[in-house]
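Dumping the structure here so I can ask a few things about it.
The values are calculated or read from the model by the stated rules, or taken from the named source; none is laboratory data. Predicted, not measured: the structure shown is a model, and the values here were computed from it. Note: ideal-geometry Cβ built from the backbone for every residue, glycine included; neighbour counts use all protein chains shown. The protein model used for the area step is the full one, side chains on, heavy atoms only, and it has no ligands, DNA or RNA in it. Shrake-Rupley method; radii C 1.70, N 1.55, O 1.52, S 1.80 Å.
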Amino acid sequence: NKFRRLNAGLSLMSISRENLDDESESIQRKYLVVPSFTLSFDNALYGYIYPEKGTRYYLTTLISPNLGRESSEFFSVLGDFRKYFKLGENYSFAVRFNGGASFGRNPQKFYLGGIDNWINWQFENSNIPFGESIDNYAFASLVTPLRGYNFNAREGSKFVLANMELRFPIFKYLILGALPLGFQNIMGCFFLDAGSAWNDTKSLQFISRNNAGKTTTKDLLIAPGFGSRIVFLGFPVRFDVAWRYDLHSFSDPIYMFSLGLDY
């Protein structure tokens, strides 16, 4: 109907990888058939640059059946729920819960951390976090936003992520005297991001005690912060400042510039 949809898709894929520096290394190749099904709902009403009222959610399943030695085999379930509360003119509160799990011989990998279209981006380490498996190149998925943390802060075949934002206007109009520039509708937000990604659920520990006996986070990543939003030269620009928090101390601030709209 108008707000609810059921989508079905089928992907036929051939992926390969070869080492151009070592011709003696054999070429990796796989052939994949990946059906997908998604149930979604969306009745959100937009304000200036983001939704201010309504609900959004989707539930997606991906299947890669075993078609022989040269195929992958996994089953993934992904879900996303978002709720928007309008508090006043251009004031709103948004909450989002996102999670997923992948099972099978070659489960999907999820890489938690960062924000979409991050300009001054950083990986948690200098290596591209895709390992030796060719499957990771085809099905690796970034899980964002987890501001205050680098891309690949956590990785695994399962993940959860929660985001809360209070959104409000900062300036309706801002005219700079020294420069012939004017800005309008500069928006701001206070946020709290928290999430984790893992492989073995039995060994998962969100909270633990350190050597000093203090309660601290272990596999759970938490980052509060604030940000501003503006449309500059036709591009939606985001600036965020976040602090990593382990339940008893905060890190130095992490500054993040990115392009795009909040959803």
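What order, most packed first, do the peptides 192-203, 7-18, 105-116, 217-228 have when packing is the mean number of other Cβ atoms within 10 Å of each residue? Before the final figure, lay out each step's value.
Numbers: 192-203: 16.6, 7-18: 11.1, 105-116: 22.1, 217-228: 18.8.
Averaged packing, sorted descending, gives the order 105-116, 217-228, 192-203, 7-18.
Further question on the same structure: In 10 Å bins starting at zero, report the fraction of Cα pairs in the stretch 1-111 per bin as a rounded %.
12, 29, 25, 18, 11, 4, 0
Quote the FRET efficiency, to the nearest 0.05, computed for PHE190 versus VAL77 with a Förster distance R0 of 30 Å and r equal to the Cβ-Cβ distance. Before the final figure, lay out each step's value.
Working: r = 32 Å, r/R0 = 1.05.
The pair PHE190/VAL77 has a calculated efficiency of 0.40.
Further question on the same structure: Just to verify a number: FRET efficiency for TYR137 and VAL231, C-beta to C-beta distance, R0 = 30 Å, to 0.05?
Details: r = 35 Å, r/R0 = 1.16.
Using R0 = 30 Å, I get an efficiency of 0.30.
Separate question: For the chain, what size does the Cα cloud have along each of its three principal axes, sorted from largest down, in whole Å?
65, 57, 39
Highest mean first, how do 160-167, 58-65 rank when packing is the count of other Cβ atoms within 10 Å averaged over residues?
Numbers: 160-167: 19.4, 58-65: 17.2.
Ranking, from highest mean packing down: 160-167, 58-65.
How would you rank 240-247, 87-94, highest first, on the average number of other Cβ atoms within 10 Å across their residues? The partial results should precede the final answer.
Numbers: 240-247: 18.6, 87-94: 14.9.
Order by mean packing, descending: 240-247, 87-94.
Using a 1.4 Å probe, what is the accessible area per residue for the chain, in Å²?
Numbers: 14940 Å² over 263 residues.
Per-residue accessible area for the chain comes out at 57 Å².
Can you run phi through the Karplus equation (6.51, -1.76, 1.60; θ = phi - 60°) for the stretch 219-224 and list ³J(HN,Hα) in whole Hz, with x for Gly and Pro?
Karplus values, whole Hz, x for Gly and Pro: 8, 8, 10, 10, 8, x.
Among ILE230, ILE207, what's the order by accessible area (1.4 angstrom probe), most exposed first?
Working: ILE230 35, ILE207 75 Å².
Ranking ILE230, ILE207 by accessible area, largest first, yields ILE207, ILE230.
At 7 Å along the Cα-to-beta-carbon direction for both VAL241 and PHE103, put a label point, then send me their distance in nm to one decimal.
So the two model labels end up 4.6 nm from each other.
Once you have the alpha carbon radius of gyration of the stretch 133-263, what is it after dividing by 2.2 N^0.38 Å, with N set to its residue count?
Working: Rg = 18.4 Å, N = 131, 2.2 N^0.38 = 14.0 Å.
Taking the Cα Rg and dividing by 2.2 N^0.38 Å, one obtains 1.31.
Tell me, what % of the accessible area of the chain is carbon and sulfur with a 1.4 angstrom probe? Show your work: numbers first, answer last.
Details: 8840 of 14940 Å².
Ligands and nucleic acids excluded, carbon and sulfur reach 59 percent.
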